[in-house]
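See below for the structure under consideration.
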Amino acid sequence: MERTLVLVKPDAVAKGCSGAILARLEATGAKLVAAKMLQIPRALAEKHYEAHRAKPFFAGVVGFITSGPVVAAVFEGEGAVAKVRKAMGATNPANAEPGTIRRDFAESIERNAVHGSDSPESAAIEISLYFKPEEIISR
Ligand code: CMP
């Protein structure tokens, strides 16, 4: 069954929007099968954003995601990656459709409230960075 990794980012956690964001993701029909709050260590953030290492925003993204607690979650179900990405909206909240999470909760392209894996392949890698297999309760 397809899975995707979600991070409710430090801006949204600090504003008390974690529950509202998880509720919107559950409303897509994808099933919540794992969740925890954590402060991401720098080495983990650098691994997660490895694909962006050469980009000018790499240091900013790593600095931001490690700046405060996040809520990490795994959603599961047919088309889970696409369902979550549709509910999140465009990376830049200025371009996000009305009714999407980023349009309603994000402040900027960096402080953009939520992360979701961009493919089932990257989801498998990202999920393994944040969760042990036994922490995922798929039933
Ligand atoms: P995320 O889905 O977590 O994956 C990579 C992140 O890099 C992305 O969300 C944005 O927060 C961030 N990002 C992408 N493009 C830019 C950019 N041009 N400037 C700053 N941050 C960016």
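The values are calculated or read from the model by the stated rules, or taken from the named source; none is laboratory data. All of these numbers come straight from a predicted model, not from anything done at the bench. Every residue, glycine among them, receives a Cβ derived from its backbone with ideal geometry; neighbour counts consider all protein chains shown.
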Being surrounded by 18 or more Cβ atoms within 10 Å (Cβ to Cβ), of a type outside the set (Asp, Glu), under 17 Å from residue 123 (Cα atoms) and within 16 Å of the ligand (Cβ to nearest atom): is that true of residue 34 here?
no
Long-range neighbours under 6 Å by Cβ, at least six apart or interchain, first residue more than 7 Å from the ligand (Cβ to nearest atom) within region 51-71, second polar (S, T, N, Q) and in a helix (DSSP H, G or I)
71/18
What are the pairs with Cβ atoms under 9 angstrom where one residue, in region 1-29, is at pLDDT below 95 and the other, located anywhere, is among the polar types (S, T, N, Q)? Sequence gap at least six, or different chains.
1/138
So in region 120-139, with the set limited to residues that are assigned to a loop (DSSP other than H, G, I, E, B) and within 11 Å of residue 5 (Cβ to Cβ), which one is nearest to the ligand (Cβ to nearest atom)?
131
Report yes if residue 16 is out of contact with any Phe, Trp or Tyr (no Cβ under 8 Å at 6 or more places or on another chain), under 19 Å from residue 106 (Cα atoms) and assigned to a loop (DSSP other than H, G, I, E, B), otherwise no.
yes
Counted residues, region 39-90 - those being aliphatic (A, V, I, L, M), over 20 Å from residue 110 (Cβ atoms) and assigned to a strand (DSSP E or B)
2
Residue match in region 9-26 (condition: under 20 Å from residue 127 (Cβ atoms) and surrounded by fewer than 18 Cβ atoms within 10 Å (Cβ to Cβ)):
yes
I'm trying to understand the selection: among the residues of region 119-138, which are loosely packed, with under 15 Cβ neighbours inside 10 Å and closer than 18 Å to residue 28 by Cα?
119, 120, 138
Of all residues in region 68-126, count the ones that are of a type outside the set (Val, Ile, Thr) and in contact with a strand residue (DSSP E or B) (Cβ under 6 Å, 6 or more places away or on another chain).
14
Only one of (1) within 13 Å of the ligand (Cβ to nearest atom); (2) part of a helix (DSSP H, G or I); (3) crowded, with 16+ Cβ neighbours inside 10 Å fails for residue 103. Which number is that?
(1)
